[in-house]
1. For residue 194 and residue 334, FRET efficiency with R0 = 41 Å and r from the beta-carbon atoms, rounded to 0.05?
2. Could you check the spin-label model distance between residue 438 and residue 240? Points 7 Å from the Cα along Cα→Cβ, value in nm.
3. Please give, to one decimal in nm, the separation of the simple spin-label points placed at residue 51 and residue 326, each 7 Å out from Cα toward the Cβ.
4. How far is it, in nm, from the label point at residue 341 to the one at residue 17 when both lie 7 Å from their Cα along the line to the Cβ?
5. Which ordering of 105, 214 is given by a fewest-first count of other beta-carbon atoms within 10 Å?
6. Give me the distance between the Cα centres of the range 162-195 and the range 217-262, rounded to whole Å.
7. Taking the Cβ of each residue in 392, 117 as the centre, tally the other Cβ atoms inside 10 Å and list the residues starting with the fewest.
8. If R₀ is 60 angstrom, what is the calculated FRET efficiency for the pair residue 353 and residue 143, using the beta carbon separation as r and rounding to 0.05?
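Taken together, the values in this text are just the output of simple stated rules run on the coordinates, not laboratory data. Bear in mind that the values here come from a model prediction, so they are computed numbers and not experimental data. No Cβ is skipped: glycine too gets one built from the backbone with ideal geometry, and neighbour counts run over all protein chains shown.
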Ligand SMILES: C[S@@+](CC[C@H](N)C(=O)[O-])C[C@H]1O[C@@H](n2cnc3c(N)ncnc32)[C@H](O)[C@@H]1O
């Protein structure tokens, strides 16, 4: 294949002037900011598109280029390495990554992918680098993605994790952690990694008493699979929906909704008035807890188990919490605690360190501990996140998780219930934390969390519940429900 115009020459052998392509230059700017300033692509890109007046097809192109390239760069870097005669400078490598994504994943014609990349580099880096980029991309254009993976990825029989890491563009330690959590199943690990590379559905939550799933459906959303308060938005800006704009509804992953509902649906003997959200910022789960505490679990009686004729917890359908409870929402970071004020109407919001509680032991009836974690369960949402996490952070976080779980259990009264939640399936942050804390206490029993997620399969062997992107279309959220012995 010989890409037309790829070397940047016009008629009569004169170099033609490089064309400044808005979408590609903006994607390049975001890639550079991610590398140089640890920028978050999902915050920076929309801002640049707005400031530069880029909309419609160009905005869609810039978005796919940026997010797709950031997700795929583990694979692209391995290919670029074998196609060049030297290691590229960081800026040149970003341009090559963008070009590789267009050639291997998007339906951009090769001459356009190579030509626009060469123009980008001529404008932003220099003529010498442009020649190098032209040569490397022309080589990449000679094979398909599958052909390249077969060449550059380790042999799947000899190094299965290494193969998956390159083929699905994830760090090797993340592949290993996922495989461990999935019980060593390599094929399913591949499904999970592939799901991480897909753009997630936009899922909405209707805060009960403030909005309803029907209101969201009437505004163009589709019914959610599991959550009675959920709805999927196939396209468009969620901010344009009145209920979302008025914070009566919000964008929230469906598993986040379900683990919150599960906490409220465990039957309690005695008082059920005081609920604590120990790590509440920015307030997604607190928003749902606060609405249920005030208005009740209005869809509870029509919850999935009842509709499907299955038995819910305790042999009956999940009950509707009658309201009349009150939520205290706390976060150690003041700015994150302040965000909870926007998601709740009636909660008391405080800034406090959960490891040094500012309340007396046993003060609460239900406690949500949505613990700080690596976030490995939500890699689909932040395209660059998988490259930022370090395996060393797991040990540090799991120490904090143990400490916070100790506080959560101390904060709940005898007979009360704690939800331990992470947005990570890493065993060291999930089962190991719960197991260690339970081994040191004799005042806590573990409930089977799946009983409070009726009608949802594929959550594991229990008593924990583990959601998965490839099974449920949700983040990989973990839930353990723990009751303080009466
Ligand atoms: C996973 S996020 C919580 C997300 C939130 N529950 C939601 O649904 O929007 C974890 C939170 O824990 C907070 N955090 C970290 N260390 C803490 C501590 N020692 N005490 C209280 N909060 C802490 C972080 O500031 C962060 O906001």
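1. Numbers: r = 39 Å, r/R0 = 0.96.
The pair residue 334/residue 194 has a calculated efficiency of 0.55.
2. A separation of 4.8 nm, rounded to one decimal place.
3. Roughly 4.5 nm, to one decimal.
4. 5.2
5. Values: 105 18, 214 12.
Result, fewest neighbours first: 214, 105.
6. 30
7. Numbers: 392 9, 117 29.
The order, fewest Cβ neighbours first, is 392, 117.
8. Working: r = 54 Å, r/R0 = 0.90.
Efficiency computed from Cβ-Cβ geometry: 0.65.
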